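K.L.:
Once you've had a glance at the structure underneath, I'll fire off some questions.
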Amino acid sequence: MAKKYIYLKAIGSVEPSILEDAVKSLSSISPCRIIKDHEYPLFAFEPKRNQYYARKIIERLVCGLPPDCEKLIGVTDIDLCTPVLTFVYGEAQFDGRVALVSLNRLRQEYYDLPSNNELLVERLVKVCTHELGHCYGLFHCNDPKCVMHLSNNILGIDSKKRTFCVRCADFFNKRNRKENCG
Amino acid sequence: MGRNKILIVDDEEIMRSSLSDWLREDGYYVLAVEDGYKAIEKVEEEDWDLAIVDLKMPKIDGLEVLKKISKIRPKLPVVIITAYATVDTAVMAIKSGAADYIVKPFNPEEISVVIAKLVEHQRLVKENIQLRKELSKRFKFQDLIGKGANMQKLIEMIKTVAPTKSTILIKGESGTGKELVARAIHDLSPRKKFPFVAAACGAIPESLLEAELFGYEKGAFTGAVSQHKGRIELADTGTLFLDEIGDISSKTQVDLLRFIQEREFRRVGGKIPIKVDIRIIAATNKNLEEMISKEEFREDLYYRLNVITIEVPSLRERKEDIPILANHFMEKFSLDAGKKMYGISDQAMRALMEFSWPGNVRQLENAIEHAVVVANELEIQTKDLPKYFITHETEQNLPQTSQSLEEVEKKYIRRVLDTHNWNIRKSATILGINRVTLYNKIKKYKLKKE
């Protein structure tokens, strides 16, 4: 059986070093690859909110999955929202193949603080792992340290670990094995 | 514990799907409908933990939906959402009973806190209702009153069998307190924190018994407008008490036997087998062994139910308990009636002791209730006891000693029925038995209205 990868797809302008560092961490979950798309998703822009609808971008990403793709996570610098939420750090197809993560509100600069790339990668890995968890059918977790715990602000992201709790890890591994075995 | 259920009503598809997806990631069970009428229908059909209702909708607006939902389920919290917030609509929503009013799009932090708080509040409300129900039914050992040897033997037996998982068959005449014994077993068992669900098999018409025990799916038969959990499912993790088990049809006997063997069942009209963990206690006033020999009761079901047998003595077999029981009922009913009563006269007590009590403790309870209501002195007198009682026992109309108990019972039942123009409800109350038992006795003695 052909080997399958988790793809990280840069959408618009994303610093390559950030993605490369994130991939190093995410490879402990599953083998990863990076692809790039320099175009901005203007079709998803909502002028009234000056933000981009995450779901519209995800719908477009689903149409262009590489053949050896297990899951694909879009990573972008633009600010994301949904019709009902003022912003999202990330969005995923629950039990699906595609997720999307925004770096916009993960940067220290967003909070008028000096840039910190190490912290940015740490946050990106957490949000990517969280959204990946949803793609594998995981709900939010009550354990505040688990990466699947719901975080509605940046402090919430910083206070949880980048790993799954025992229960979520067990579920994730079973699903991961099942999907890889076809 | 099952997932919390949230109902969303919004006419915009994108809003429905976006909010549903987000709540599902949080582990909620979500149903989204596009108009208020459908939402009202869903609230009528099922129990929900929270409803999120859009304010502006074409067919029926959110405030009208809120009012209708509040009438159907007053305790269900409703959050009104809108993209066009005004102070007037916010005030109106809260005045109409909305739990909260939130403007779209939501700040994720704000909506998360609101929903989590309301769902938790709803869980506590439901838990409180359940605990109150349980508390009101909670068994007190003093409910089983009696100091005689027969009663003490019974209490010891209850204490011995309660902690086990075994199925129990309680035998005893009508009115002896078989349900009290079943409750005592449940409340002394490790399942005491879980439900005790009783099903009076003889009182439920045969056509409804299957649905009542096993539940049904929506559309399983005419009138099944929503899914209904049966007594077996409701008793999961607790105890199921099947009263008057000798009165069930042969078809229900087969269904019950299959359930007891496999410990799983399907709702009527349902395809998915449901597994439950319940302890079964059955009770009967009939001679099941005799019914088996007449092929009226399945032998295999009898042996499944009769793992442990408990016999509840009739009041005739524990006459020494009559004074303590009579005084207990006098205190209870005088308190209920707001009357000061100090006791029962010697003559009245003698009459109580000499009576045969075919309806057992239940009949004694009814007799004392009657006496407390009519008494105009501080003590219950013989004249205060029910009329049937006085004419039979104290006017020297006692049956001849050559007559069997069955003959006496037959004559007595006929007399009560004739006196009350065969009014079954009234006669059953006077005899201290339920209507099903009276019908069975009429059939047994082949009594007819002349």
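The values are calculated or read from the model by the stated rules, or taken from the named source; none is laboratory data. All of these numbers come straight from a predicted model, not from anything done at the bench. So basically every Cβ, Gly included, is an ideal-geometry build from the backbone, and we count neighbours across all protein chains shown.
K.L.:
Considering B:I94, B:I52, B:I102, B:I60, which residue is part of a helix (DSSP H, G or I) and not aromatic (F, W, Y)?
P.N.:
Sole residue among the options that is part of a helix (DSSP H, G or I) and not aromatic (F, W, Y): B:I94.
K.L.:
State yes or no: is A:E70 outside any loop (DSSP other than H, G, I, E, B) and surrounded by fewer than 14 Cβ atoms within 10 Å (Cβ to Cβ)? Step through it out loud before you land on a result.
P.N.:
On the way: outside any loop (DSSP other than H, G, I, E, B): yes; surrounded by fewer than 14 Cβ atoms within 10 Å (Cβ to Cβ): no.
Spelling it out, it is not the case that A:E70 is outside any loop (DSSP other than H, G, I, E, B) and surrounded by fewer than 14 Cβ atoms within 10 Å (Cβ to Cβ).
K.L.:
Further, regarding this structure: Show the residue pairs that are 6+ apart or on different chains and have beta-carbon atoms under 8 Å apart, the first residue being within segment B:81-102 and over 19 Å from B:D11 (Cβ atoms), the second being basic (K, R).
P.N.:
That search, which allows pairs on different chains as well, returns B:S96/B:K67; B:G97/B:K67.
K.L.:
Something else about it: Restrict the check to segment B:206-214 and report whether at least one residue is among the hydroxyl-bearing types (S, T, Y), surrounded by fewer than 21 Cβ atoms within 10 Å (Cβ to Cβ) and at pLDDT below 90.
P.N.:
Initial filter on segment B:206-214 (among the hydroxyl-bearing types (S, T, Y)): B:207.
Applying the additional criterion that residues be surrounded by fewer than 21 Cβ atoms within 10 Å (Cβ to Cβ) yields B:207.
In the following step, the residues that additionally are at pLDDT below 90 were identified as B:207.
Yes, that holds for at least one residue.
K.L.:
Right, next: Is there any pair linking a residue in segment A:59-85 that is within 14 Å of another protein chain (Cβ to nearest Cβ) and free of Cβ contacts under 8 Å to residues at least 24 places away in the same chain to one that is of a type in the set (F, W, Y) and surrounded by 17 or more Cβ atoms within 10 Å (Cβ to Cβ), with Cβ under 8 Å and at least six apart or on different chains, and which?
P.N.:
Filtered contacts from segment A:59-85: A:V84/B:W22; A:V84/B:F106; A:L85/B:W22; A:L85/B:F106.
K.L.:
Output the residue which, of all residues in segment B:70-109 that are under 19 Å from B:W48 (Cα atoms), more than 12 Å from chain A (Cβ to nearest Cβ) and hydrophobic (A, V, I, L, M, F, W, C), is surrounded by the fewest Cβ atoms within 10 Å (Cβ to Cβ).
P.N.:
B:I72
K.L.:
Going through segment A:103-137 one residue at a time, which ones are touching an Asp or Glu at 6+ places or on another chain (Cβ under 9 Å), under 17 Å from A:L26 (Cβ atoms) and either within 13 Å of chain B (Cβ to nearest Cβ) or assigned to a loop (DSSP other than H, G, I, E, B) (or both)?
P.N.:
Answer for segment A:103-137, where residues must be touching an Asp or Glu at 6+ places or on another chain (Cβ under 9 Å), under 17 Å from A:L26 (Cβ atoms) and either within 13 Å of chain B (Cβ to nearest Cβ) or assigned to a loop (DSSP other than H, G, I, E, B) (or both): A:L103, A:E131, A:H134, A:C135, A:Y136.
K.L.:
Taking the options A:V127, A:V147, name whichever one is surrounded by 22 or more Cβ atoms within 10 Å (Cβ to Cβ) and touching a Gly at 6+ places or on another chain (Cβ under 6 Å).
P.N.:
A:V127
K.L.:
Among all residue pairs at least 6 apart or on different chains, which show Cβ distances below 8 Å where the first residue, located in segment B:20-49, is more than 11 Å from chain A (Cβ to nearest Cβ) and the second is among the hydroxyl-bearing types (S, T, Y) and part of a loop (DSSP other than H, G, I, E, B)?
P.N.:
Close Cβ pairs satisfying both conditions: B:E44/B:S226; B:E45/B:S226; B:E46/B:S226.
K.L.:
Let me ask another. What number of residues in segment A:86-99 are touching a residue at least 40 places away in the same chain (Cβ under 8 Å), in a loop (DSSP other than H, G, I, E, B) and more than 10 Å from every other protein chain (Cβ to nearest Cβ)?
P.N.:
0
K.L.:
Could we say that A:Y52 is under 20 Å from B:P105 (Cα atoms), among the hydroxyl-bearing types (S, T, Y) and either assigned to a loop (DSSP other than H, G, I, E, B) or in contact with a Phe, Trp or Tyr (Cβ under 6 Å, 6 or more places away or on another chain) (or both) here?
P.N.:
yes
K.L.:
What's the number of the only condition in (1) touching a helix residue (DSSP H, G or I) at 6+ places or on another chain (Cβ under 6 Å); (2) surrounded by fewer than 18 Cβ atoms within 10 Å (Cβ to Cβ); (3) of a type outside the set (S, T, Y); (4) without any contact (Cβ under 8 Å) to a residue 40 or more places away in the chain that B:L352 fails to meet?
P.N.:
Unmet for B:L352, out of (1) touching a helix residue (DSSP H, G or I) at 6+ places or on another chain (Cβ under 6 Å); (2) surrounded by fewer than 18 Cβ atoms within 10 Å (Cβ to Cβ); (3) of a type outside the set (S, T, Y); (4) without any contact (Cβ under 8 Å) to a residue 40 or more places away in the chain: (2).
K.L.:
Tell me whether segment B:330-338 contains one or more residues that are in contact with a Leu (Cβ under 7 Å, 6 or more places away or on another chain) and either assigned by TED's automatic domain parsing to the domain that holds B:K159 or buried (at least 16 other Cβ atoms within 10 Å of the Cβ) (or both). Spell out how you get there, then give the answer.
P.N.:
Let us first name the residues in segment B:330-338 that are in contact with a Leu (Cβ under 7 Å, 6 or more places away or on another chain), namely none.
No: segment B:330-338 contains no residue that is in contact with a Leu (Cβ under 7 Å, 6 or more places away or on another chain) and either assigned by TED's automatic domain parsing to the domain that holds B:K159 or buried (at least 16 other Cβ atoms within 10 Å of the Cβ) (or both).
K.L.:
In addition: Take B:A326 and tell me if it is in the same structural domain as B:A162 (by TED's automatic domain parsing), crowded, with 16+ Cβ neighbours inside 10 Å, within 19 Å of B:L144 (Cβ to Cβ) and among the aliphatic types (A, V, I, L, M).
P.N.:
In short, no.
K.L.:
A further question follows. For segment B:52-66, name all the residues that are among the acidic types (D, E) and out of contact with any strand residue (DSSP E or B) (no Cβ under 7 Å at 6 or more places or on another chain).
P.N.:
Matches in segment B:52-66: B:D61, B:E64.
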